Every structure is written in C-alpha cells, then in structure tokens.
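Below is one structure, written out as structure tokens; comments come after it.
Values in this text are rule-based calculations from the coordinates and carry no lab data. The structure displayed is predicted, hence computed values, not measured ones. Neighbour counts run over all protein chains shown; Cβ positions are idealised from the backbone, glycine included.
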Amino acid sequence: MIDEKCRNCANYSPHIHFPQVGRCLVFDTGVSESDSCSKFRRISIDDLLSTLGREGSVYCATCGTSLISEEDLKTHSRSHCLTTRVVIDEAIAEESKAAD
Amino acid sequence: MGFSELSIILGGPQGSGLETSMLALSRALAYRGYGILADREYYSNIVGRHSYIHMSVSSKRIPRSLTYPVKLLISMDAETVFTHFRDVEDGGILVYDKDTRIKKIAEIPSMEDSLKSRLIRDLKTLGIGEDLESITEMLRSRGIVTIGTSFQVILKDLMKIYGIDPRSLSRYVSGIVTSSASLLLGLDREALRYGFESVFSGRPKLVEQNMFIADVVWRELRSYEGLLKLEDSEIDFDELLVATGNDVVAIAKIVSGLRYQSYYPITPAADESFFLEKYEVSELDGSVIGPVVVVQTEDEIAAINSAIGAALAGARSATATSGPGFDLMVEGLSWAGMNEVPVVITYYQRGGPSTGLPTRGSQSDLLSSVFAAHGEFAKVVISSGDHLDAFYDTILAFNIAEKYQLPVIHLLDKFLANSTSTIPLPDLDNVKIERGLKPVPPGEYKRFNLETLVSPRAPLGTPGIIMWYTGDEHDEHGHISEDPDSRVRMYSKRIEKLKLVDEEIPGDLKLRVHGDGGGDFCLIGWGSVKGAALDALGEIVRRSNLRGVYIDVKMLWPFPRRELAEVIRRSGFEKIIAVEHSYGVNIADLAAMAAGIRIGKRIAKFTGRPITLGELTQALEKVLTSDIEYVVISYGE
C-alpha cells in the first residue's frame, strides 16, 4: 500500500540535490516529501508515459537522473521514485566552479 | 582548553551550497583570527557529483598543509559519509542528515562503481552493513560522536516561515553546514553573521534567513556546543585576505599594472579571469585603477596572440590557461620568443594528458613548459609555493618579461588555484614595478638593435617610429632575412638573454632553502608541495629525529644550477629526495640535466588529489630508512 505523502504524488517536484523537499505543482509552494494534503493524486505510469511522450523525459529522484526512454522508465518505476518534474536550483551556477 | 589545530571535511553534491558553506565558515573563522587552508575537490561533471572541502584550521599559524584524519566531517548527503567515514579520527565528530540513514552504498548513483566496490568489500570484511545507519553505528563504536539532524525539518520550517522558493534551497542547506560547524568549533553568533554577510553581501534577507537556520541548528544541537572548541587565536592579524590562489594572482596582476588579459575558459585557470572581469575598472581615492581589458577569445590560439598584440602595443599583458590550452598556445609562444615579446602566461596545471583529470591537480607539465615551442629562444619559467608567494611572483613575472623582453610562464596548479587561505596583506612598500623601458635613441629606430642583448622597445604606434614584426628570422629592423651572419647574431642575441636573467636575478628569487640546515637529508620540490614539505620536515624530526631542509625551486628555467649545487655542496647532504605531483618527479631529471645533480630518491603522487602531511611524512621515512628509491603516495578520494 503506497502512503499518501507528497513523495508519491503526481504533483510533487523534488529538489535536484535534496529530494526530501520540493515544490507542489498545485499550490506552487515548497513542501517536504513527507507532507500530505487533500489534493493528493498518486502518480501513475500513465502520468509518466504521458510526460515522457510530451516533454521527452521524466525524472528519477532515486538516481538523480533524467530518463528519456520508455524502457528506462519502466525499469526504474519498479523500485524508484519517479516524478514528472525536478526543481533545478538557481544557485547552481554560483556554486559550481568553472570546469572544462 | 581547546584545540589549537584541527582538520575538517565538508561534503555534498557539487552545486548544492558547498562553496557558500566553505566561504562563510572561512570568513567566520578569519573574523576571529584563525588561520585556514581549504582545498576544494570536485568532479569535472560539475553538477551533482560528490564534492568536498578539506580544511585545516589553526589558532597558532596559517596552516600550510592538509592533514588526515579529520576531526569533523559534515555531510550534506549520504555519499559524503560513505566516501569519507574512514577519514574521521577516533573521537571525532560526524554531522549528517538523518533523513538519509537508510540509504545504501549501492543506491548512490553518482558514486563511481570502483569506489562502491571497494567500500562494499571493506565493509563486508569488517562485518558492517552497507547502509548509512550501520556505518554510523560502527563510528560510534570507535568513539566518534554522530550527530543526526533532519535537513528536511529545518528546510520545511524555513519554507513555511519565509515562503522560500525551493529553487533556492542550496543557499540554505549551506547555512545548516556552516551553523553546525560554527557551533561545534565554538564560534560565536557575531562571527557567524560576519561570515554570512561576507558571502551574501548586499542580500540582507539571505543573511537573516541563514541566521534563522543558525538559531534552529544551534537550538537542536546545543548539547554539542563547543565540543571541538578552538583555542583563542594567537595569530597576529591586523588585516588579512581570505582568497583563493586564482584570486591572489588576479589581485597581483592588477597591482602590477596589468592592462590586458585574454583567456579561453578552462579549469582551473578561468576563475582568475572571472575575478579580473569583476574588477576591470576599480577606483581608489576617486582615481580609476587600470582599467584592465579582459577578453574572452574564441580559443587559446587567439588568447596568446591577442596578448602578444597588446604587449607589442606597450600594455602589460597576460593570458591564463591550463595544460590543453597551453598546448594550443605553443606556436604563439614561439612567435613571442622570435619577436622578443614581454608576455606572461599564467599556467595552472591540472591532471593530464589530454583532458585528463580536468578538475584535479598536477605538476606534470614541468618539462612541457620548460621545453615548449620549436626553435631555441629565451623564456623564463617560475613557480610559486603558496598564496603569498604567488602574489609576489605574479609581479616578478611581469618585471622579468618586460625587463628582458621575453615570454614568462608562471607555473601554478589546481591545488593553489582552488584552495582558499588566510593570507597576510602583501608588503606593497617593497613591491617594485620594473617595466624595463629604455629610452628610444634618436635617429633611425631598430627594434632588434644588436648593440645590446635587450634592445630599446618602442610600443606600436609611437609617433615617428616604424618597426616590423614577423615570425621569420629578421634583421635589426625586423625585416625578413636569411643571411647566415645576421642569423647567427640575431639567434644568439635572443638566447643569450637567459644569461642576463641567470646573472641578474637574485638567488633568493631562484630558490629558497627552508629548515634549520640539519644534514640528514634534503627534500627538493617546487610549487604547491611547499606547504606539506615544510610541515613534513617538522614531523620527521619529531618522529625519527632526522633533520633536513626543503629546497623550493622557484625559478625552473633558467635552472638555478649554481645556486642548487652550492646549497648541496655546502650542506653535504647524503640523501637528496625529490617530491612532485607527477609520475616521473621530473624536477629530478631537470636538475640532472641542467645542473648535473643526481637525485636518487623520488616521492610521487599523481591521483590528482593534494599531497597531505601524513602520507608525505611516511614516504619520507620510508626512503630515508631504506634502500627504496621511489615511493608513490595516493591518499584521498
């Protein structure tokens, strides 16, 4: 039985480095993965496939990587936390050294 | 009572606020007068891979080297604990995010498979589970204090109270790290605020929000307050710089009167140019300093050639690069040699060959820089052992380039470039700017006048003066000439300027001997190994009662053969050992070639990670007490 927490919600977008916190796409606000609310909607494989088809990728919060194929999506969905979006930190550019 | 010196590691995903943590903590420590040296290790993949700061803090002096094991490990993620738990001293402290306690090594996607395998194998041998909880349990059994705090709860509170956008979370995670470290080290609120204010200058809201985090963290961890309390600082600072090697070189370039800098972005050189861009136009007492024109060119070929052009026009001119970029500059370097152009190349070495280890350090380009370019001509290669040396040497590089009209390579490396240190303010009263400008004699102007080795130099555009420049062999005017007699005189003129450099540069600027002169051994090196080498001398005396000196070769070309031979002859060292960040320890070969000095023992490190005190001391003991001639050291992930 999947708990009705943000981490399993279709509207949860985890932070790229700290996936325990993220953004709620419904309320457009910061939430933690253990939060819950009446708008909870369990993320489904159809949500993910639809996003993959429309936007070309979905996000695996467990691996911290984008998935761009249906095959990868199905493999990761067996045991990983997949989301349709990820929150990219705006300070990344300031925090990262130049490297080339 | 407290600690006078200790080591710290702060770790987390690259781009997640680690840089801010390091800067804020460094400034807070400096505010209370502590000396720091902080090296930053990061992957070339830039975002998401494991990154860490390895820091030495002292209340007695400015630290010169990094040491293991560390007293304090603060982790932003599980990967940091997995990677560094073996580095924590018994009785040390681990601070970690307890929300990640069930993470297993196998679940860390950003960790390299080889490291995962090594860790899993080692843990299996010790009968310890592969999850974070098992590791913290094992650490506790070693007397290490493990402090779990929930990043999630702190960040959630912050988002609720301040309406923080999750897109800026890393600015606050850094606050958790900095606040935890401050509490444990016994830093006060004022110092911590100073640290945040320095990093978030002009953004008071961020300062307040991070102070809110500090209050939450300090409340939660108050039972651990001052567990690693530092003794009051005894370091006599009035004013100091907290800066990286890149910053220091950039500042020195501005002080030296730099007017043109070109670059193509490359690690670990680019940050120097970014700093110069930031301060292209500076004002002091209402007067504009400079300005420095900083140009990002389309590649390194254009970078060196535009710097040459600016130098011909009379500007103090430089370019900054690393190994792959330098390779592209070599044809331009040869042109500069042919045309006696005073241009400075600031060369930050990194791990090669090819792109190699782009964000890791190395000293493996010694021979490449000394022997680069086709044909024979005078060029000078100098190196710097630490941040303060780098300041003075940057100015020296320009002075030599202009005084002798030749290209100068200032050979640095990633370790110096990306490490932050507390630095005493340079003594500007003793800084001399020597432009070597000779009055142009009346009458016909000959750019390459053969009457003296260094000809009068008129900038391009000087009224009434015409000059010619070409890559081909030329006569005194600069016109192409293949006449054998002219060739002999012109070719010799260019090369023999090296004799002038060799004769006129004071010995102290060529090499420096550190230590009390005890004659058991002599360690020779150059560049950023200086700090670890000097500290290792002290350690060796303490552990083995062997006394030695460290010879820091500052001028790599022309090689200070007389000075080195004299030091070795005078001291009668039986054992000479070379140390370098390379496989070959090539300074030994250069000394053999240029000075006929055989260096029998070598200590090498080429993992791209800095040489740390413990491993160098052990290696020295090994070569000093046995017949072993070559030791490779490799500590650090």
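For region B:1-124, the Kirkwood estimate of hydrodynamic radius, built from reciprocal distances between every pair of different alpha carbons, is 15.2 Å. The calculated FRET efficiency for the pair residue A:79 and residue A:38, based on their C-beta separation and a Förster distance of 35 Å, comes to about 0.80. Neighbour counts of other Cβ atoms within 10 Å put B:218, B:526, B:468, B:335 in the fewest-to-most order B:468, B:218, B:335, B:526.
Annotation for region B:537-601: trypsin sites (Lys or Arg not before Pro) lying in DSSP loop with at most 14 further Cβ atoms inside 10 Å of their Cβ are B:598. Counting, for every residue in A:9-18, the Cβ atoms of other protein chains within 10 Å of its Cβ and taking the mean gives 5.
Restriction of the GluC sites (Glu not before Pro) in region B:105-162 to DSSP coil positions whose beta-carbon has at most 16 other beta-carbons within 10 angstrom yields B:112.
As a proxy for reagent exposure, ranking B:322, B:114 by other Cβ atoms within 10 Å from fewest up yields B:114, B:322. For residue B:457, the residues 5 or more places off, or on other chains, whose built amide H falls under 5 Å of its own are B:438.
Take the Cβ atoms of residue B:223 and residue B:160, set R0 to 41 Å, and the FRET efficiency comes out at 0.95.
Remark: the protein assembly as shown carries a charge dipole of roughly 980 debye about the Cα centre, counting +1 on each Lys and Arg Cβ and -1 on each Asp and Glu Cβ. Note on B:564, B:428: ascending count of other Cβ atoms within 10 Å places them as B:428, B:564, the fewest first.
Of the GluC sites (Glu not before Pro) found in region B:482-518, those in coil by DSSP whose Cβ has at most 15 other Cβ atoms within 10 Å are B:482.
Here the scattering of region B:148-287 is modelled by Debye summation over its C-alpha atoms, one equal scatterer each and no solvent; at q = 0.11, 0.14, 0.15, 0.17 Å⁻¹ the log10 of I(q)/I(0) is -0.61, -0.87, -0.94, -1.03. Across region B:297-313, rounded Karplus estimates of 3J(HN,Hα) from the backbone phi angles (6.51 cos²θ - 1.76 cosθ + 1.60, θ = phi - 60°) give 8, 6, 6, 6, 5, 5, 4, 5, 5, 6, 5, 5, x, 5, 5, 5, 7 Hz, Gly and Pro being marked x.
When peptides B:379-388, B:165-174 are ranked by their average number of other Cβ atoms within 10 Å per residue, the highest-first order is B:379-388, B:165-174. Volume per residue for region B:509-632 equals 92 cubic angstrom (convex hull of Cα atoms).
Sorted on the mean count of surrounding Cβ atoms within 10 Å across their residues, most packed first, peptides B:93-103, B:243-253 read B:243-253, B:93-103.
Site pair residue B:491 and residue A:27 shows an inter-label distance of 8.1 nm when each label is modelled 7 Å from Cα along Cα→Cβ. When the alpha-carbon atoms of the protein assembly as shown are used, the pair Rg, Dmax equals 28.2, 96 angstrom. Shielding value for B:112-123 is 0, the average number of Cβ atoms from other chains within 10 Å of each residue's Cβ. Residues whose amide H comes within less than 5 Å of that of residue B:289, counting only those at least five positions distant or on another chain, are B:282, B:283, B:284 (H built at 1.01 Å from N in the peptide plane). Normalised by the number of residues in region B:91-160, the average gap of Cα pairs under 8 Å and 6 or more apart makes the relative contact order 53 percent.
For region B:233-358, the dipole from Cβ point charges (+1 on Lys and Arg, -1 on Asp and Glu) about the Cα centre works out to 420 debye, to the nearest 20.
Only beta bridges with both residues in the protein assembly as shown are counted; by DSSP, about 50 percent of them are antiparallel. In degrees, nearest 10, range 0 to 90: what is the angle between the Cα axis of helix B:204-220 and the longest Cα principal axis of chain B? That helix lies at roughly 40 degrees to the long axis.
Residue-wise, which Karplus ³J(HN,Hα) couplings in Hz belong to region B:356-362, taking 6.51 cos²θ - 1.76 cosθ + 1.60, θ = phi - 60°, and x for glycine or proline? Residue by residue, region B:356-362 yields x, 10, x, 10, 10, x, 5 Hz. For chain B, a crude dipole built from +1 on the beta carbon of Lys and Arg and -1 on the beta carbon of Asp and Glu, taken about the Cα centre, is about 860 debye to the nearest 20. Residues whose amide H falls under 5 Å from that of residue B:88, counting only those 5 or more places apart or on a different chain, are B:70, with hydrogens built in the peptide plane. Mind pulling up the Rg/Rh value for chain B? Radius of gyration and Kirkwood radius, both on Cα. Checking Rg against Rh, the ratio lands at 1.00. Legend: mean number of C-beta atoms from other chains within 10 angstrom of residue C-beta atoms, peptide A:63-69, equals 2.
A simple packing score, the average count of other Cβ atoms within 10 Å per residue, orders the peptides B:257-270, A:34-47 as B:257-270, A:34-47, with the highest score first. Using the Cα coordinates of region B:5-224, the gyration tensor eigenvalues translate into equivalent-ellipsoid semi-axes of 27, 20, 16 Å, sorted from longest to shortest. Which one of B:287, B:578, B:3 is farthest out on the positive end of the charge dipole of the protein assembly as shown, using unit charges on Cβ (Lys, Arg +1; Asp, Glu -1) and the Cα centre as origin? Value computed over the given set: B:3.
Classify region B:290-444 from the C-alpha gyration tensor, please: rounded if a/c falls under 1.5, else prolate or oblate depending on whether a/b exceeds b/c. Oblate, since a/c reaches 1.5 and b/c is not below a/b. Of all lysines in the structure, those lying under 16 Å Cα to Cα from residue B:530, and not within fewer than 8 positions of it along the same chain, are B:414, B:510, B:554, B:605. Its residues counted as N, region B:438-505 yields a C-alpha radius of gyration over 2.2 N^0.38 Å of 1.16.
Short to long, the 10 Å bins of the Cα pair-distance histogram for chain A hold 16, 46, 29, 8, 1 percent of all pairs.
Each residue of region B:14-25 was assigned a 3J(HN,Hα) from its phi angle through the Karplus expression (A = 6.51, B = -1.76, C = 1.60, θ = phi - 60°), giving 4, x, 9, x, 5, 4, 5, 4, 5, 5, 5, 5 Hz with x at Gly and Pro.
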